[in-house]
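Contents: one structure, followed by commentary.
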Amino acid sequence: MARRKVKKQTHLGANGPSGKPTSANAINRSPKSMVIRVGAGEVGPSVSQLVKDVRSMMQPDTAARLKERKANKLKDYLTMSGPLGVTHLMLFSRSESGNTNMRLAITPRGPTLHFQVEKYSLCKDVRRALKHPKGGGKEYLTAPLLVMNNFISPPTESDSQNKIPKHLESLTTTVFQSLFPPINPQHTPLQSIRRVMLLNREPAKDSDDGSYILNLRHYAITTKATGLSKPLRRLNAAEKLLNSQKAKGKKGGLPNLGNLEDIADYMVGGADGSGYMTDATSGSEADTDAEVEVVETRAKKLLSKRQKDREDGKSKNSSSGVEKRAVKLVELGPRLRLRMTKVEDGVCNGKIMWHEYIHKTKEEVKEMDKVWEKRRQEKETRRRIQRENVEKKRIAKGLGAKKGAEDEDEDEMDVDEWDSEGLEGDAEMELNEEADERGEWEDQEEEIAGG
C-alpha cells in the first residue's frame, strides 16, 4: 500500500515549528483592548450606543462584537485577557445617581484610571450635525493616529496640594500612548494613517485648581489635490471611475454634460461664460497651512535603458513624484469630556495613588502603606495555605503532588472574588455548588449510569 504524502514544509503543526504553544502576545505585540459595559442592560441605551461607538473608534485591535452578560465578573475578563492578548480594559458604567463613569485599566497588574464622563455625543449626533459626513469605510482597517496636547503641565505653575503630581501626569500620558501601536515615520506608509484621535487637556483655571479634564475627538483624514479647479477634479474622478473594474455600470460620478454644447462651457466659469473657474472663484480654496507635499511611494515597473531615457526626456519639466495635497479633517465621533477622579494601583482593587476630592497627609499615607503591606502578607499566606491543602488532597487520593503547574494560574487573581459595580454573581454556579453539597449530583450520576 502506498504511503500518504505529507507536506512538511508548509504544515508546521498547531503549536508552531518548535512544538511549543505560542501565546497571543508572542504572535502580535500590538496592544489590544476590550470595551465593556459594566452591568450590561442596566446602563441604558445611550451608554450602550456610546460603548459601540468607542469600539468602532478603537478598531481594528479591539473586540468589536463583544457581548456582555449580567453574570460576567471582572475576573472573567481578566482571565481571558491573557490568552487573547488583551492589554487594556475600558469599563463603562452608570451609578445610581445617573453619572456615567469610565475606567481605563492595563492588564494584568494595572494601574487603573477612573474618569467621570461629564458630556458625550454619539456618532449619529455628530453625523447629523455635519453637512458632508464621512461614512465608515477603509478608515477603520488601521489604528488611528494619537495626538495628545497639554498632558504635562508647565513647570512654571505653582505646585499646590490639590494638583496632580508630575509622576502621575507622566503615568497618564504613558497609559494613553500604549492604547495604539507606535508609529515609525521612516517605515509607516502615509496611506495607512486615515484617522486621528485627539486628546486635549483643558488648562487649569487658577493655580489651586487640581482638576484633570480631557476632551476627546475622533476625525477622519481626507486629502485632495491642490492647484486644480473643481470641474477638473470631477473629470479626474470620473476617469478613475470608468477605468476601475469594480464600477462597471455605475454613472453616479459622471458630470452631466447633456445641456451643454461644448466641454468649454463646463470648464469655463462665470455667468457670462468668461473666466476660468479656479479654487478662488469657486469658493473651495483650501488653507495654505493645510497643504502638504506627498512623495509617490507606489512600486514602479523596472524599465530598460532605452525606456528610462525616454521617460527622463518626458519628465524633465515635471516634478519628480511630488504632489501637493490639501488635508482636511472630518469628524467621525464620538465626543467625550472626561474628568479624572482618581488613579488606582492594580486593576480596580489596588491602593489609591491620587484622588481629586480626598487628600491625605504624609502620616496618613504611611499608615495606608502599612495596611496594604499587611494585606499583601495575608494574601501570600492564604495562597500558601491553599497550595498546601491542594497538595494534601492529591496525596490522600494517591495522585501525588503536582509540580508547580498551578502556581502560575494562582497569581492571576486572589482567592477573594471582586464583584464589579452592577455585576451580580453567577446564580447557576451557586445552584450547582449547593446541589453538590446536598448530594443531588450523586443521585443524578447513578441515574445516568443506570441508563
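The values are calculated or read from the model by the stated rules, or taken from the named source; none is laboratory data. This structure is a prediction, so every number in the text was calculated from the model and none was measured. When we count neighbours, we look across all protein chains shown, and the Cβ atoms used for this are built from the backbone with ideal geometry, even at glycine. What goes into the accessible areas is simple: the full protein's heavy atoms, side chains included, and nothing from ligands, DNA or RNA. Shrake-Rupley method; radii C 1.70, N 1.55, O 1.52, S 1.80 Å.
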remark   = So the FRET efficiency between VAL371 and ASP125, C-beta based with R0 = 60 Å and rounded to 0.05, is 0.85
query = What list of ³J(HN,Hα) values in whole Hz, one per residue of the stretch 99-109 in order, does the Karplus curve 6.51 cos²θ - 1.76 cosθ + 1.60 (θ = phi - 60°) give from phi, with Gly and Pro shown as x?
reply = 7, 8, 10, 9, 10, 10, 10, 9, 8, x, 10
message = Under 12 Å from a point placed 7 Å out from the Cα of SER178 along the Cα-to-Cβ direction: which residues of the stretch 89-108 have their backbone N that close?
response = 89, 105-108
task = List the residues whose amide H sits under 5 Å from the amide H of LYS351, counting only those 5 or more places along or on another chain, with H placed 1.01 Å from N in the peptide plane.
result = ASP345
note = So, with points 7 Å from each Cα along the Cβ direction, the LYS360-ARG233 label distance in nm works out to 5.9 nm
ask   = Which entries in LYS342/LYS379; LYS119/LYS324; LYS119/LYS360; LYS75/LYS393 show an alpha-carbon gap greater than 31 Å?
value = LYS119/LYS324
request  = Would you mind putting 85-98, 175-188 in packing order, based on average other-beta-carbon counts within 10 Å, highest first?
outcome  = 85-98, 175-188
Heavy-atom SASA rank of ASP61, ASP309 (probe 1.4 Å, accessible area, largest first) = ASP309, ASP61
message = Taking 56 Å as R0, compute the FRET efficiency from the Cβ-Cβ separation of LYS392 and LYS305 and round it to 0.05.
response = 0.10
task = Report the net charge of residues surrounding PHE176, where surrounding means a beta-carbon distance below 12 angstrom and charges are Lys +1, Arg +1, Asp -1, Glu -1.
result = 0
request  = Give, as a single signed number, the net charge of other residues whose beta carbon lies under 12 Å from the beta carbon of ASP369, with Lys and Arg counted +1 and Asp and Glu -1.
outcome  = +3
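If the chain between SER170 and ILE352 were fully stretched, how many nm would it gain, using 0.36 nm times the residue separation less the Cα-Cα distance?
Using 0.36 nm per residue and subtracting the Cα-Cα distance, I get 63.9 nm.
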task = Pull out the extension gain between LYS328 and GLU96, defined as 0.36 nm times the separation in residues minus the alpha carbon to alpha carbon distance; nm, one decimal.
result = 79.3 nm
ask   = With Cβ to Cβ distances under 13 Å as the rule, what net charge do the other residues near LEU214 carry (K, R +1; D, E -1)?
value = +3
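Heavy atoms only, probe 1.4 Å: what % of the accessible area of the stretch 46-102 goes to carbon and sulfur, would you let me know?
Carbon-and-sulfur percentage of accessible area, whole number: 48.
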